[in-house]
Amino acid sequence: MSRLISERTFLAGKIFFNFGQSSIDCVVRRLTEEAATLEMESGLGVPERFQLRLAGREILTCRVVWRSDRQAGVAFEQPGSLERAAGEERDRSSEALMRGQMLALRAALDHVPTGIVLLDSGLRARLINRSFRRMWRLPDEVADSHPSILTLLHHGRDIGAYEVPDSDLEALVAERVRVIEAGDPTPIDLRRTNGDVVRVQVTPLPDGGRMLTYTPVTDIVRASDELKLLRDALENVQDGVLLLDSDLHASFMNRRMRRFWEVGEDEAASRPAYSSLVRRLHRASAPNLPTDELAKFPARRVAEVRAGDHVRDLQTPDGRRIRAHCTTMSNGGRMLTYVDITDLTQKAALLETLATTDPLTGLYNRRHFLDSLEAEWSRFQRYYRSVSVLMLDIDHFKTVNDRYGHAMGDAAIKAVAAACLDGKRKSDIVGRLGGEEFAVLLPETSLSRARIVAERIRKRVLGAQISAAEIQFGVTVSIGIAEATISMSGIDALMGAADHALYQAKADGRNRCIAFAPPPSATKAAE
């Protein structure tokens, strides 16, 4: 038995071989005068004979007695055996060298996540790494038997790994063999039945063999699929969608947007600048923009988009109304959505008309007339600008209805409404308060000027001939006139004054205009 020398924990050493060109770091775990136990990262690449260098000791010539995955037991050669060992090492066959290199290569490839298969010129596997075996559930006894590529492909077919119909499996296998034989390096994404996606690529080797790599790309492909799904969805939505990068170049335009800007697919793919799009034939500008302002609008629009989030209504030359939403993206770009709100705008205008207009005459209804009067009353209070009101009533309207019927009564109401619109000034507002009663609001108008307007309307009504169902007749109106005064409490008082004057006109014989005159004060009445 050899005497053990006290072991030094982690005694460092270095293994030299291949004429000193190759080395492996190791740790001496147990050391005697004739032998040692060495530990290294992998024992597969350690040759049968080598030289061992330990700190503070002479170089020792070693021969492997036993080995495991990470350890090797060695015996030290006697003095004079160094030259013999070197000669033996020089005499090692090329086959042994290749075997050592293959073991080292296998050890390295077994640690990479990519599946790797090395094929010889006959397309038989000479190396299949651990990742490939796990990926395809390939038993070691099959992998170590140097299977042909056809055997490997049939194994994938037999375990149901390919996401293709059974009827297409043989065609898939045949196509894969053709690609491998041709050495076509084009990557192919192979979808598996478990949902994973593997990117397969063929690399021709100098000796006529092939290297096949199988890279898991499930996350990448899923993200790509989701992106394609999103782009397809955006491509077909009814609204226009425009994505701009941080330099405001179009990175995506859906079909609706390309039609709007009259851009072809090739031009859209060239990422045109947003500034070039908004200058196209003034495709859209601010609503009701004066002609002399059109040329300035594109620059203003680009500045708005560059500034960030906002909503802007646009109008096309053919009168359509577009609502554009601008949203700032996390990458510094912008997303613009264009929604055609022409119908909504028209419906809103229609609803506004229905809410403010008398359906029979087209005049403003009572509510809108009083709202307008309230606004003018506020200006009167702030700035003391004159405001007057006319109250009109069709004379003997009940007789018209009784004699000619309600249809003729409606015709009379329309005729009076037309006379009011014809006789008023541009700034005046005419409303139908109900039945045969009308009112006219005259902003910034004194009582004397209001008399002129009232008299003009009365004469137009008097001269109108109403024809319906072969019947012709005429009507007259009585008009009361009132001007706002600081003593009045509000619009009810002003309307009351005009109404009082109207009843006075009826009492004085109708078909006339009477201005409201406040009653004399109590002191003057007593005098």
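What number of residues within region 17-36 are of a type outside the set (Gly, Ala, Ser) and surrounded by 17 or more Cβ atoms within 10 Å (Cβ to Cβ)?
Count: 5.
Taken together, the residues in region 104-124 that are under 18 Å from VAL198 (Cα atoms) and in a strand (DSSP E or B) amount to 4. Tallying residues that are farther than 15 Å from ARG126 by Cβ, of a type in the set (A, V, I, L, M, F, W, C) and either part of a strand (DSSP E or B) or in contact with a Gly (Cβ under 8 Å, 6 or more places away or on another chain) (or both) within region 190-219 yields 5.
Looking across region 255-295, the residues that are touching a strand residue (DSSP E or B) at 6+ places or on another chain (Cβ under 8 Å), surrounded by 15 or more Cβ atoms within 10 Å (Cβ to Cβ) and in a helix (DSSP H, G or I) come down to ARG256, MET257, PHE260, TRP261, ALA268, TYR274, LEU277. Screening PRO165 against (1) touching a strand residue (DSSP E or B) at 6+ places or on another chain (Cβ under 6 Å); (2) open to solvent by 50 Å² or more (accessible area, probe 1.4 Å); (3) farther than 19 Å from THR203 by Cα leaves a single unmet condition, (1). The combined condition, being farther than 25 Å from HIS111 by Cβ and at pLDDT 85 or above, is fulfilled by PHE76. Pairs are defined by a Cβ separation below 7 Å, a sequence spacing of at least 6 or placement on different chains, a first member in region 174-189 that is at positive phi, and a second member that is open to solvent by less than 60 Å² (accessible area, probe 1.4 Å) and outside any helix (DSSP H, G or I); the pairs so defined are GLY183/VAL202; GLY183/ARG210. Scanning region 125-162 for residues that are out of contact with any Gly (no Cβ under 9 Å at 6 or more places or on another chain), surrounded by fewer than 15 Cβ atoms within 10 Å (Cβ to Cβ) and assigned to a helix (DSSP H, G or I) yields ASP140, GLU141, THR151, ASP158.
Of all the residues in region 234-251, those that are open to solvent by 50 Å² or more (accessible area, probe 1.4 Å) and either at pLDDT 85 or above or not in a loop (DSSP other than H, G, I, E, B) (or both) number 4. When region 412-457 is filtered for residues that are under 52 Å from the mean Cα position of the chain (by Cα) and touching a residue at least 60 places away in the same chain (Cβ under 8 Å), the ones remaining, listed by number, are ILE429, VAL430, GLY431, ARG432, LEU433, LEU441, PRO443.
Residues that are open to solvent by 10 Å² or more (accessible area, probe 1.4 Å) number at least 3 in the following strands (runs of 3 or more DSSP E) confined to region 372-456: 429-434. Among the candidates PHE397, PHE473, PHE438, the residue that is aromatic (Phe, Trp, Tyr) and closer than 19 Å to ASP371 by Cβ is uniquely PHE438. Just one of the listed residues (ARG306, ARG320) is open to solvent by 90 Å² or more (accessible area, probe 1.4 Å) and either free of Cβ contacts under 8 Å to residues at least 60 places away in the same chain or in contact with a Phe, Trp or Tyr (Cβ under 6 Å, 6 or more places away or on another chain) (or both), and it is ARG306.
The values are calculated or read from the model by the stated rules, or taken from the named source; none is laboratory data. Remember, predicted model here, so these are calculated numbers, not experimental data. Backbone-built Cβ (ideal geometry, glycine too); neighbour counts: all protein chains shown. Heads up: the accessible areas ignore ligands, DNA and RNA and are worked out on the full protein's heavy atoms, side chains in. Shrake-Rupley method; radii C 1.70, N 1.55, O 1.52, S 1.80 Å.
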